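The values are calculated or read from the model by the stated rules, or taken from the named source; none is laboratory data. Just so you know, these numbers come straight off a predicted model, no measurement behind them. No Cβ is skipped: glycine too gets one built from the backbone with ideal geometry, and neighbour counts run over all protein chains shown. The area values use the complete protein model at the heavy-atom level, side chains included, leaving out ligands, DNA and RNA. Shrake-Rupley method; radii C 1.70, N 1.55, O 1.52, S 1.80 Å.
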Amino acid sequence: MERRRKAAYRKKPQNRFSMCLVSVVVIVIMIMVQVKNNELQQKIDAKNNELQLLESQIEAEKQRELEIQEYGKEVQTKGYIENIAREKLGLVYEDEILLKQEK
């Protein structure tokens, strides 16, 4: 019976050491997982910011596209063509008299 007690007594320190070692390994793994989680969260936040920036650029480009379409319609009108011909090219109708002020 005394041998059993000595054998059981010897196993306790080994068992405690093993449990401590396992606990340390588990804690280290938990810390590593938390660090990686923080890194991934920072990447997610950066990508979300980038996404918002790109969405705002898309909206600005859509607005610009609408303005260009409206301008394209405007330049195709007869009135716009006449104005450009008068202002930039100095053209007039055949029966029109052009009066200029002297400087």
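Being open to solvent by less than 100 Å² (accessible area, probe 1.4 Å) and β-branched (Val, Ile, Thr): is that true of Ile97 here?
In short, no.
Going through the range 76-92 one residue at a time, which ones are at negative phi and exposed (fewer than 10 other Cβ atoms within 10 Å of the Cβ)?
Gln76, Lys78, Gly79, Glu87, Lys88, Leu89
The single residue among Gln14, Gln34 that is farther than 30 Å from Tyr93 by Cα and modelled with pLDDT of 95 or more turns out to be Gln34.
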